[in-house]
Amino acid sequence: MWRNWGRSYRAEPSEVHAPASVDEVRLALERVRARGGSVRPVGSGHSFSAAARPDDAQLHVDALHGLVELDLPARRATVGAGTTVRELSSLLAERGLAIDCLGDIDAQTIAGAISTGTHGTGLRHRSIGSWVVGATLVTPDGRILRVSEHERPDLLPAVRLGLGVLGVLVDVTVQAVPAFALEAVEATVRLDSVLDDWMGLLERTDHFELYWFAATRLAVTKSNTRVDAAGPLAPRPAVARFIDERVLTDHAHRALLAVAAGVPRAAPALNDLAARLMPRGRFVESSHVAFVSERRVRFRELEYGVPVEAVPDALREIDRALRRVDLVPTFPFEVRAIGADDAHLSAANGRATGYIAAHRWWREDPRPLFDLVEPILLAHDGRPHLGKLHSLRAAELAQRLPGFAAFLAARDELDPDRLLASAWTRRVLGD
Ligand SMILES: Cc1cc2nc3c(=O)[nH]c(=O)nc-3n(C[C@H](O)[C@H](O)[C@H](O)COP(=O)(O)OP(=O)(O)OC[C@H]3O[C@@H](n4cnc5c(N)ncnc54)[C@H](O)[C@@H]3O)c2cc1C
């Protein structure tokens with residue numbers, strides 16, 4: 001039995017392949033193809049959508065992990081596709097390098113992270129996939145295909161967000177940057193003060209992030225400024241990390257969620273309390289430590305990218321809509337911004353993007369919240385993050401994602417017989 005992290009999907013794969021070499025990947029694909037089946041590659045199962053759910057066989061590349069090649073002068077590292085982002089960050093840190101911008105967690109595999117468009121925050125920065133300068137895939141017909149700036153560069157914008165439908169990634173080459181540290185300042189502020197100065201905050205801050213507890217006028221902001229890695233670090237004291245990650249985001253929050261689920265009227269007050277209890281302070285840590293946190297309370301998430309300037313209007317509209325229906329989500333909305341990228345299926349394709357994410361505790365039905373928020377984000381020219389929950393189908397995605405047709409052409413070339421298909425890929429990409 002396989003389940004994703006958010007417990008939104010489960011599957012009982014007919015076969016589970018765990019190849020330990022490129023040849024074994026090829027053999028696994030060959031075996032499924034020979035019996036007319038289908039197979040889905042899976043990473044660490046952190047997608048909220050059914051991107052990794054198999055209808056038939058499943059293939060893990062966890063055994064293909066670790067450093068394959070390092071070009072230190074060019075700051076390029078090739079790692080096995082099953083390498084987790086955490087392992088990749090450590091490998092790079094040991095060599096004075098780092099990934100430019102990470103998301104909230106680092107438990108994903110590098111193959112999985114890039115395959116759905118994982119991003120962090122920073123208007124002058126880009127999603128993790130945009131730093132992929134090469135990748136090796138085993139294609140459904142058993143070929144080894146190298147894609148890079150020199151070999152089939154036309155396929156890079158597809159491979160940078162490939163949804164596991166182009167082939168099985170066996171290694172990934174990333175462009176790293178010199179190691180850096182982040183000075184992080186966390187604060188509880190008034191929501192309006194953030195929205196009124198939204199673009200200014202993004203322009204003045206290297207990595208700006210906003211959490212908003214609905215039904216309160218409070219926002220928690222995290223402003224990360226890049227500083228010299230060789231400078232003095234001031235890490236979160238162990239006890240603060242313990243309070244932030246284990247107590248606050250785990251037991252205390254879980255208790256608040258349980259109370260709010262049973263007594264919905266208490267939710268606004270509890271949200272106010274949660275906003276006030278959120279971590280605050282200042283610390284300086286290596287970038288790969290400061291970017292990420294542990295997420296111990298399970299949730300489900302919908303996330304859309306909108307043109308970055310549209311974020312204040314979209315959030316205010318969500319606020320009004322929530323008040324009209326008296327719905328108080330007990331998890332904060334998370335709001336980030338990222339620079340444009342070139343991945344065909346990316347929500348940030350060709351435009352600086354503000355990402356707005358709605359979360360629901362995994363034991364609560366997310367639909368009332370997501371059904372309310374999604375049309376507002378769509379009306380603001382929203383494009384879904386394909387690793388998260390959304391209701392769009394292929395025809396609607398074709399209208400919204402400028403690279404959709406080019407992606408389908410790459411898929412037709414590499415997997416004409418749809419060995420890598422599932423019910424989910426048919427929903428979002430068509431047959
Ligand atoms: C707690 C939490 C926090 C998160 N934070 C962020 C965040 O800050 N920013 C953000 O953008 N997203 C975030 N996400 C979403 C997450 O980063 C993505 O869903 C990511 O794709 C998960 O990677 P994974 O290794 O778990 O891949 P999976 O979910 O297992 O798979 C994702 C996709 O990758 C494909 N795939 C996996 N391995 C291969 C391979 N070897 N070859 C080809 N295709 C492959 C799968 O077929 C599937 O389509 C978060 C998720 C969780 C649960």
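The values are calculated or read from the model by the stated rules, or taken from the named source; none is laboratory data. Note that the structure is a prediction, hence the values are computed from the model and not measured. Here Cβ is always computed from backbone atoms with ideal geometry, including for glycine, and neighbour counts include all displayed protein chains. The accessibility values were calculated without ligands, DNA or RNA, using every heavy atom of the protein model including side chains. Shrake-Rupley method; radii C 1.70, N 1.55, O 1.52, S 1.80 Å.
Per residue, how big is the convex hull around the C-alpha atoms of region 1-150? Give it to me in cubic angstrom, could you?
It comes to 118 Å³ per residue, whole-number rounded.
Placing +1 on each Lys and Arg Cβ and -1 on each Asp and Glu Cβ, with no other charges, gives the chain a dipole about its Cα centre of roughly 1040 debye.
Centroid-to-centroid, using Cα positions, region 62-120 and region 408-423 are 26 Å apart. Per residue, the chain exposes 39 Å² of accessible surface when a 1.4 Å probe is rolled over the protein heavy atoms with every protein chain present. Divided by 2.2 N^0.38 Å, where N counts the residues, the Cα radius of gyration of region 289-360 comes to 1.26. Placing pseudo-labels 7 Å out from each Cα toward the beta carbon at residue 34 and residue 293 gives an inter-label distance of 5.0 nm. Take 418-425, 185-192 and order them by the average number of nearby Cβ atoms within 10 Å per residue, most first; the result is 418-425, 185-192. Across the alpha-carbon atoms of region 87-190, the computed radius of gyration and Dmax are 15.4, 56 angstrom. Residues whose amide H lies under 5 Å from that of residue 134, counting only those 5 or more places away or on a different chain, are 173; hydrogens are built 1.01 Å from N in the peptide plane. In this rough spin-label picture, where each label sits 7 Å from Cα along the Cβ direction, the residue 365-residue 398 distance is 3.3 nm. 3J(HN,Hα) along region 153-166: x, 4, 8, 4, x, 7, 5, 5, 7, x, 6, x, 10, 9 Hz, from the Karplus curve 6.51 cos²θ - 1.76 cosθ + 1.60 with θ = phi - 60°, whole Hz, x for Gly and Pro. Using the Cβ-Cβ distance between residue 391 and residue 144 with R0 = 41 Å, the FRET efficiency computed as 1/(1 + (r/R0)^6) comes to roughly 0.65.
Placing unit charges on each Cβ (+1 for Lys and Arg, -1 for Asp and Glu) gives the chain a dipole about its Cα centre, and among 135, 182, 172 the Cα reaching farthest toward its positive end belongs to 182. Scanning residues 5 or more positions from residue 430 or on other chains, those with amide H under 5 Å from its amide H are 394, with H placed 1.01 Å from N in the peptide plane. A cut-off of 5 Å between modelled amide H atoms, ignoring neighbours fewer than 5 places along the same chain, links residue 97 with 179.
Ordering 110, 83, 194 by the projection of their Cα atoms onto the charge dipole of the chain, which places +1 on the Cβ of Lys and Arg and -1 on the Cβ of Asp and Glu, puts 194 at the extreme positive end.
Highest mean first, the peptides 391-402, 113-124 sorted by other C-beta atoms within 10 Å per residue fall in the order 113-124, 391-402. Using the Karplus relation 6.51 cos²θ - 1.76 cosθ + 1.60 with θ = phi - 60°, the per-residue 3J(HN,Hα) values for region 292-307 come to 10, 9, 7, 10, 9, 9, 6, 8, 10, 9, 10, 9, 10, x, 10, x Hz, with x marking Gly and Pro. Take the convex hull of the alpha carbons in the chain; its mean projected area over all directions comes to 19.1 nm². Here region 369-426 exposes an accessible surface that is 52 percent carbon and sulfur, computed with a 1.4 Å probe and the other protein chains kept in place.
For region 318-335, backbone phi angles converted through the Karplus equation (6.51, -1.76, 1.60; θ = phi - 60°) give residue-by-residue couplings of 4, 4, 4, 5, 5, 5, 4, 9, 6, 10, 10, x, 9, 10, x, 6, 10, 10 Hz, Gly and Pro being listed as x.
Projected label points at residue 320 and residue 233, each 7 Å from Cα along the beta carbon direction, are separated by 4.7 nanometres. Over the chain, dividing the summed -39,500 (n - 2.57) contributions of all DSSP H runs of at least 4 residues by the number of residues returns a 222 nm mean residue ellipticity of -8000 deg cm²/dmol.
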